[in-house]
Every structure is written in structure tokens, then in C-alpha cells.
Amino acid sequence: MTLSRLAELSADPTASFVLIARDGADTVELLSGEVVDVDLLADIPLTIDGTPREVFSMVPYRQVRERGFVAQDDGTPLRCMIVDEHLHLSTAELLTALPRTPVALHDDGFDIADAEYAAIVEKVIAEEIGRGEGANFVIRRDFTAGIDVDDRTAALTWFRALLTHERGAYWTFAVVTPGHIAVGASPEAHVVAREGVVTMNPISGTFRHPAGGSTKETLIDFLASTKETEELFMVVDEELKMMSAVCSDGGRITGPHLKEMSRLTHTEYMLRGRSSLDPRDILRETMFAPTVTGSPMQNACAVIRRHEHEPRGYYSGVAALFTPNADGGHDLDAPILIRTVYLQDGTLRVPVGATLVRHSDPMGEVSETHGKAAGVLGAIGAIDRDRVAEARSDADAPGAARALADDPAIAELLSSRNARLAEFWLNPQSEEFTGPFAGHSALVVDAEDRFTTMLAHQLRHLGLAVTIAPWSEVRDADLDAADLVVAGPGPGDPRDAENARIARMRAVVAHRLDSDAPLLAVCLSHQILADRLGISLTPLDTPHQGLQKSVPVFGEDASIGFYNTFTARVSPGTTTVGDTDVSADPDSGDVYALRGAHFASVQGHLESILSRDGIRTLERLVSHALA
């Protein structure tokens, strides 16, 4: 009966349905029902006439505008299926029923030529990362082609191919609705909320299996790559910002692990925390994964708008399944929309992106986009598969890639990464905060970098009652009401007085100094404070985006994570400027921290996972500011 139901739906050109194969399951779920398009996440109809309903949603990238971020509005709908029927099909039986005749492509290629894409990479590194706009950015290009069969037939053919040839995907899926068809095998659960527990799964670093499959030696070379390691750390930091915004206990890191697929292997962490928020609010606060946007998130959206030629559609959005639970609410399961083929009117589109960081090689990033596109196209059978690699990647095959994760040398290399990370985020976090500064209040001013959510969580851990306010909304009266003001980090050039955000952060710092009231300034605001004190500001020769350093902080060496392109700089050996104490690099004069009457500052991000001594150093600086 269930297979016949699929046949009925697929034969009806007006019918909508969704097929989902979850990792580890031996069935495929078939969802069908009425399709409605809504404007906002809050409009997703989880309850109709007082009855909780199961809803499947396709959330496009343009919804980031709900968070006040910029995006090209291409009109891609926030599409919802109100599920009337949810069936489970035997995977084995389904494979026999789905079409298997290969679908040929024609007029295929990337919409942006390799040389042009490489030039975009160079421009982003120089003009965005090199000017302090952020740590990493994902710029996409699309592989496009034509097909000569019905879109629905192609979708079911490729869904069968993914079930047969891909492995390790979190969801393998086919979404068939009027005007929008998508087939994919997403490796990444962006956000999951079940029974009050929120999970995020940052994945980064891409190892493209060589011809014939991966080996221990080639995998070790990949895991030893500084670029790939730092890329993963940066996206974990970015997703912890989101976790700290939605979870009362801030979120905890576990891992790292290997995510192994048929032609690609990634490194990943798992983040978990507790939340009582509506799942739609959780989804809004976590739009979207830094692995396909960049960091800081708000500025990454602006960079994407400047450098991508076309709107993103559903690429980097999520597929979200809201399921009623026993508590009267809804659980959420939302994989990220990557490794996905989009079909419309006989045209195939596969969007792929590369994560650009300060170490990026332009042609290497070009190659990464080819590898990602080939991973999708090979899995659906649109291009020739590496049969040897697939055999080597089979879990039961001798020398399989999956077995490499269990090799002691590989396991040790993976686990050794955590030695670089802050124990604060590796250990379970309490929801009850009792610390040395209990009874004090703190106002954190957000300068468009949501590291402030992690910073606020650490401050609460130290006992402070914390609120966060955007730079554009904070008033002088708000500043006066707080025992401690924390002027936060943000992108951009601290010398740019014409920028409204920089100007307001200058005013925040000046107001607290003039009031002789406790102030802690972080990163961008540290640079603004230094400028106010007459210390020169200058760009670094090489941006310190995602860099871990051991630096002197007033008599103690501290391991801290840095995300800066500019620095305050004094003459080497300088320890004071007027009445202000200075901790600086003995050779370069780069200023790492400042302290004076009722104020302190730090260049690094004490809240970062890269700051092993972050919570200790934060306590010292807050103690000085409040003293």
C-alpha cells in the first residue's frame, strides 16, 4: 500500500511529497499534505484550530533578513507542508520501485569560470579579511546543466542513486512541490531540538578522497593541515555564539569526529545545551550555519551580498521538520541545505561554496568547489563514479575509510586538537550561576559580533546579571544604570570615524571613561580605547583571524584566541602610557591588554574556544574594572 501511495503521488503533477532517509534508519519516510507559503518563521503553522500539527518546511537563505541581516530577495518561498500522511517505506523495497535509468546532462558547467572565481577569492581575502571584516567567508558558485526527462522522474532517479551510493549523510531527501524540487544528501544537522536539548553539528574541513580511496597517510596529511584545523575551530566558535543565545547553559563541545561520505570526509564537533524556547525561535536565532556563510555572521551576510552574483535560493538554508511531542510542543530536526540538487523546468543547479580564510589558496578553493560538486554529481550518477573509491569507502570493505577513524594514530591526532581548546566549553555548564561578582550587573554592547553571547554567558558564570544591547539601540541612560559596561567586539576598521557603528562604540567607551565608571573593552573596543588613550592603531601585516597565541597579561602568560586585523601598538618595552598599564608584545609592541582607573581591555577573545586561559583572564580584568 505504501509503495502504491508513492506511485500515486509521483504520477500526479499537482501533488507534493517529501522522502526522507535518516542516517542509520532502514526505512524511508514519505510525507504528504497541503503546501502553504508563509512570510516569517513565526508564521509556520504548528497549530491549526488548537491542534498541534506536523510541518515540514523549506527555509530559504533570504530569511536571514528576519535577524536584520542583508540578503538578496529572490522571492524563494518559505514553503511549508502541513503533513496529513506520514508513512514508513522499506528501503529495500523502495529501491526496487524507483526509476534507475541514468539521467544524462547537457550544456553543463559552472556559472562562474574558474579564473573568475579565483579572482573573487583573492578579492575577499584582500578586501574583506584583510580589512578586518571577518574571520572567514563562504562564497558560492553553481554547477548547472540541462536534462531531457521530467523533473519528478529525475528527482526520484537521483534519490535512488543517493540511497545506493552515498553514505554518512544525516538526511538523504527528495522534496517535490510545485515549482521547487530538491534532492540531496546533507551531511550536517544544523540544529536539532528534542525534549529541551538543543544540538548543533558544526562540520568543516573537506578531505577529497584521492582516486582509489583514502589511506591512513593521506588522511593524516589532511588532519595535520593548519588551515583545515583552524577552519573547524572558527565555525565551532561561531555556532557556540548561537548556542549561547538559545541555551540557558551555554552549550558544551564534544568531539572532534570524522564525518565520512562516499567521496569526501569532514571533521566535526557536536554542541549540546538546554533550551525552553519555541523551536521556531531556536531556528531564527541559529540562521544560518557559519560553514556556509562565514563569521561574524552579520558581516558575512554583507560580504556575500557584495561578492555573489546571484541570490542563494535555498542554498545554505535548512529543511526543517517540526514534530509534535508529548509535552504539547514540537521537536525540531533541521539539516542544512547543502549537497543538494535543485530542479526547475528541466534545469539542474548544484550550488557549492568554499570557506575562505587568511590561509586560503585561490586555486585550492576552486578545486574544493569542483570536489564538492563532483561529490553530489557522482553520487547521483550524473558523472562517472570512482568505483574503486566507493568500494574502499564501504564499511565492510578491507581497508575501508570508516576503519581509518579507528586507527590509533588517527584517533590520537583528532583528540589532540582538544588540547588547544578552553576546558570551559568542553565541560558541562551549569544553569545556576554563583561567582565572585554576584550582585553586580553588566551591560554588554554588541558591535555586530555575537561573540557577545558567549561573553555574556561567561560573565553570568562569574556571577554577574547580564543583558546584551545592540550598539544602535543602547542609550546613555542604559550605560549609566549598569555596574559594568562591556564594550564588545565587531568587524571593521577602528579608525573609521565616519562609520556609524564605530562612532557609537567610540561614544560608549568615552562615556564610561568620562563617568569614571567600570568598563571592559574587547577587541574592536579595546582598539577604540587605545586610540582614546593616544596609542596608535595600525593594520597587522597578516590578519590574526582564528589565531591562538600565548601572550603576557599583567604578569601572567595567557593562551588566548585572536580574531583581529588591526592592533594597537606601542614602542617595544613600553609598560605604561600616562596612568594606564600596558601589556604588549616585547618585540613588536602590539598591545594585548590595558588597565587603568576603573577600566580594563583585551585584544583577544577570552570567550573563544581558543582561549584556554579565557575565563581566568576575564575574571582578573573584570575584578580590576570593578575594584
Next item on the list: Return the sequence-ordered ³J(HN,Hα) values of segment 341-355 in whole Hz as given by the Karplus equation 6.51 cos²θ - 1.76 cosθ + 1.60 applied to θ = phi - 60°, using x for Gly and Pro.
Entry: 9, 10, 10, 7, 6, x, 10, 9, 9, 10, x, 9, x, 10, 7
Note to self: Sorted from largest to smallest, which semi-axis lengths in Å does the alpha carbon gyration tensor of segment 419-563 give for its equivalent ellipsoid, taking the root of 5 times each eigenvalue?
What the structure shows: 24, 22, 14
Margin query: Quick check on segment 1-130: what does the Kirkwood estimate of hydrodynamic radius come out to from the alpha carbon pairs, in Å?
Written below: 18.8 Å
Next item on the list: Quick one: Debye curve from the alpha-carbon atoms of segment 507-615 only, equal weights, vacuum; give me log10 I(q)/I(0) at q = 0.13 Å⁻¹ to two decimals.
Entry: -0.42
Check: When the scattering of segment 110-248 is computed by the Debye formula from its Cα atoms alone, each counted once and equally, what is log10 I(q)/I(0) at q = 0.17 Å⁻¹?
Finding: -1.37
Next item on the list: Find the Cα radius of gyration of segment 224-284, compare it with 2.2 N^0.38 Å by division, and give the number to two decimals.
Entry: 1.31
Next item on the list: Considering Cα pairs under 8 angstrom that are at least six residues apart, work out the relative contact order of segment 432-626 and quote it in whole percent.
Entry: 18 percent
Next item on the list: For helix 451-461, report the angle its Cα long axis makes with the longest principal axis of the Cα atoms of the chain; keep it between 0 and 90° and round to the nearest 10°.
Entry: 70 degrees
Note to self: Suppose each label sits 7 Å from its Cα in the direction of the beta carbon; what would the GLU498-LYS123 distance come out to in nanometres?
What the structure shows: 2.1 nm
Item checked: Nearest-ten-degree value, helix 362-379 long axis tilted from longest Cα axis of the chain -> 30 degrees
Item checked: Under Karplus coefficients 6.51, -1.76 and 1.60, residue-wise ³J(HN,Hα) of segment 115-120 in Hz, glycine/proline x -> 5, 5, 5, 4, 5, 5
Notebook entry, point to check: Given that compact globular proteins tend to follow 2.2 N^0.38 Å, what is the ratio of the alpha-carbon Rg of segment 278-386 to that value?
Noted result: 1.28
Notebook entry, point to check: Per the helix-only calculation at 222 nm, which mean residue ellipticity applies to the chain, given -39500 (n - 2.57) for every DSSP H run of n ≥ 4 and division by its residues, nearest 500 deg cm²/dmol?
Noted result: -9000 deg cm²/dmol
Next item on the list: Mind putting together the pair-distance distribution for segment 2-420? All Cα pairs, 20 Å bins, whole percent per bin, short to long.
Entry: 27, 62, 11
Note to self: Tell me the angle of helix 297-307 to the major Cα principal axis of the chain, expressed in degrees between 0 and 90 and rounded to the nearest ten.
What the structure shows: 60 degrees
Next item on the list: Find the relative contact order for segment 2-420 and round it to a whole percent, using C-alpha pairs within less than 8 Å whose residues are 6+ positions apart.
Entry: 23 percent
Margin query: Using a Förster radius of 30 Å, what is the FRET efficiency between ALA477 and SER276 based on their Cβ-Cβ separation? Nearest 0.05, please.
Written below: 0.45
Next item on the list: Please list, or write none, the lysines whose alpha carbon is within less than 30 Å of the alpha carbon of LYS372, excluding same-chain residues fewer than 8 places away.
Entry: LYS123, LYS216, LYS227, LYS241, LYS259
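The numbers here are math on the coordinates, done by the rules we state, and not lab data. Remember, it's a predicted structure, so these values are computed and weren't measured experimentally. Glycine also receives a Cβ, built like all others from the backbone with ideal geometry; neighbour counts cover every protein chain displayed.
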